[in-house]
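Notes for the one structure printed next.
The values are calculated or read from the model by the stated rules, or taken from the named source; none is laboratory data. Please read these numbers as outputs of a predicted model, since none were measured by experiment. Note that each Cβ is placed from the backbone with ideal geometry, even for glycine, and that neighbours are counted across all protein chains shown. Ligands, DNA and RNA are stripped out before the accessible areas are found, and what is left, the full protein with its side chains, is counted by its heavy atoms. Shrake-Rupley method; radii C 1.70, N 1.55, O 1.52, S 1.80 Å.
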Number of protein chains: 4
Amino acid sequence: MNPTRHSDFRTRVRRSFDNQKAMALLGAELTRINHGSVEIELPFDEKLTQQHGFLHSGVIAAALDAAGTYAAYSMLDPEASILTIEFKVNLMSPGRGERFLFRGEVTKPGSTIIVSDGRGYAITPDGPAKLIASMTGTMMVIRGREDIAG
Amino acid sequence: MNPTRHSDFRTRVRRSFDNQKAMALLGAELTRINHGSVEIELPFDEKLTQQHGFLHSGVIAAALDAAGTYAAYSMLDPEASILTIEFKVNLMSPGRGERFLFRGEVTKPGSTIIVSDGRGYAITPDGPAKLIASMTGTMMVIRGREDIAG
Amino acid sequence: MNPTRHSDFRTRVRRSFDNQKAMALLGAELTRINHGSVEIELPFDEKLTQQHGFLHSGVIAAALDAAGTYAAYSMLDPEASILTIEFKVNLMSPGRGERFLFRGEVTKPGSTIIVSDGRGYAITPDGPAKLIASMTGTMMVIRGREDIAG
Amino acid sequence: MNPTRHSDFRTRVRRSFDNQKAMALLGAELTRINHGSVEIELPFDEKLTQQHGFLHSGVIAAALDAAGTYAAYSMLDPEASILTIEFKVNLMSPGRGERFLFRGEVTKPGSTIIVSDGRGYAITPDGPAKLIASMTGTMMVIRGREDIAG
């Protein structure tokens, strides 16, 4: 048995994600939860755009940060919670597509600090997924604070 | 006369901001436009929260990136447009407050690459503004592309 | 009396800086220590260059990280030490000059996480200092580890 | 024939690396050059340390930036040169080891902007390589400037 793999991590990730009201506002769905890796998908919607009609960088950042945060959260014991300290996003291609996929993965687990990396892809019906963004985020594990739980 | 100050920069910034549909979705307002510096304000709304009820980091990133981008855009000639290449956000305190203020300022103007810095503050009725986040963003000036104008 | 200002912070910063053998290798000097702000200077030397003859970005990063780290360290109690978790550097102009000045300042103090910002300037005899780089760094306060002290 | 693969890229990368005098100062060697991927190795040396005796973060940044820059440079045509705009480094474990390996890889090629990612590893005789750092860097392709060539 892997002592760092807590049997209910999928349930806890999904419950916490469902508490992120911003994800519902953006239309983001949690489509895959593995131990240390999470995927979020988002259909294109005109209300999510920047001035040229592409997906707004803040929407990309929100989805990548959530994917990276829940990748980290999936590896925590049930008593711990998590806060993002900082993240960096590179925007590589304009956010054009019918649907977007954001994958977050833990690069460096830790008991205090966790580092996740993420990638965002635009998905179109007639071609391969296109890399549109990457992220590196640093998270802090939080314990014993009632206002930061789950 | 400052040759780099184009008389209608406030009009152009406001028009472009109004084209960012994501800003309307978040309830963000453009409250100050100076040459090289822009402020965006956002009332707290439960639909913008992460799992602990704080303002979502992606919302903070969206507002800071927009403030930094329009600070840069305010210094451009009318033929040029702008794209964010990358940004980094540090989240310093939980996003709790009645209202939030995001200020973006150009740190390094340029004809190809512009660097902006930004800060985000939580505003409460009974205390000083509290620094909740900082950003550094790198923008590229775009010319002669029909799909990236304005 | 400011309880967070420890009377010997200048001595401790200087002693720790003198233990950074890499600073000696680069010819970096600690020229100013305030509470929450530190300056490091570096004369240009051909052995510090990249392929075009400018100051190497790694040298700039080393000096900015040290300035930001010691700005944070100057605010700590004598029992605590500090490690850099991550930093981001923007290189704004080629590192040309006779001498370089790097200033680090604490943007957000904290008992666990400290954020510092830094700026680097090229200094020439016949003109104003030129901004060549900026940095944002995140540091973690370390306590009770014998291998990470001072 | 791949039109983007220039037959002499290994020669050009090596020549440019040899012009980085800072690499010689740090004792860094170019140990592998592929199209879009470069490795640099560095033996531990006490003169490269920070205050706790670990490899200095600036040395790590210098090697990661060089690896990412030459990964990008390996994909350029012979007339083009390259400058780093910005990079972010996460320091994941203290830089302890006999030898260090830094690998840079192009994540997003481009005619103007190139994004590289890098990882740094500590190597000890009796165990697996340990991830000590990661980097994301943004580079700009430069053409037609005599002071920035090669």
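For the reader, a short list of remarks on this structure follows.
- 3J(HN,Hα) along region A:114-119: 10, 10, 10, 10, x, 9 Hz, from the Karplus curve 6.51 cos²θ - 1.76 cosθ + 1.60 with θ = phi - 60°, whole Hz, x for Gly and Pro.
- Solvent exposure of region A:9-142 as accessible area per residue, Å², 1.4 Å probe: 33 Å²
- Residue-by-residue Karplus 3J(HN,Hα) for region A:25-42, coefficients 6.51, -1.76, 1.60, Hz, glycine and proline x: 4, 7, x, 7, 10, 8, 9, 7, 10, 10, 6, x, 7, 9, 10, 10, 10, 8
- Restriction of the GluC sites (Glu not before Pro) in region A:49-150 to DSSP coil positions whose beta-carbon has at most 12 other beta-carbons within 10 angstrom yields A:79, A:98, A:146.
- Exposed loop sites here mean trypsin sites (Lys or Arg not before Pro) with a DSSP loop assignment and at most 15 other beta-carbon atoms within 10 Å; chain D contains its longest site-free run at D:6-142.
- Here's how it looks for residue A:92: its modeled amide H is under 5 Å from those of A:133, A:134, which are all 5 or more places away or on a different chain.
- Helical mean residue ellipticity (222 nm; -39500 (n - 2.57) per DSSP H run of 4+; nearest 500) of the protein assembly as shown: -6500 deg cm²/dmol
- When chain B is turned onto chain C, the axis of that turn runs closest to one Cβ of chain B, and that residue with its distance in whole Å is B:88, 2.
- Occluded residues from region B:14-42, i.e. those whose accessible area drops by 30 Å² or more once the chain is not alone (1.4 Å probe): B:19, B:20, B:21, B:22, B:25
- Cα shape, the protein assembly as shown, gyration tensor, a/c 1.5 rule: rounded
- Label-point spacing for residue D:43 across the identical copies (point 7 Å from Cα in the Cβ direction), in nm and ascending order: 3.0, 6.2, 6.8.
- The portion of the accessible surface of chain C made up by carbon and sulfur, rounded to a whole percent, is 48 (1.4 Å probe; DNA, RNA and ligands excluded).
- Length, then width, then depth: along the principal axes, the Cα atoms of region D:9-142 run 42, 25, 25 Å.
- Placing +1 on the Cβ of every Lys and Arg and -1 on the Cβ of every Asp and Glu, with nothing else charged, gives the protein assembly as shown a dipole about its Cα centre of roughly 0 debye.
- For the chain pair D and A, the interface hides roughly 1100 square angstrom of accessible area in total, found with a 1.4 Å probe.
- In region C:45-67, the residues that give up 50 Å² or more of accessible area when the other protein chains are added, compared with the chain on its own (1.4 Å probe), are C:47, C:51, C:52, C:56.
- Each copy carries a label point for residue D:31 at 7 Å from Cα toward Cβ; from one copy, the others' points are 3.8, 3.9, 5.5 nm away, ordered from shortest.
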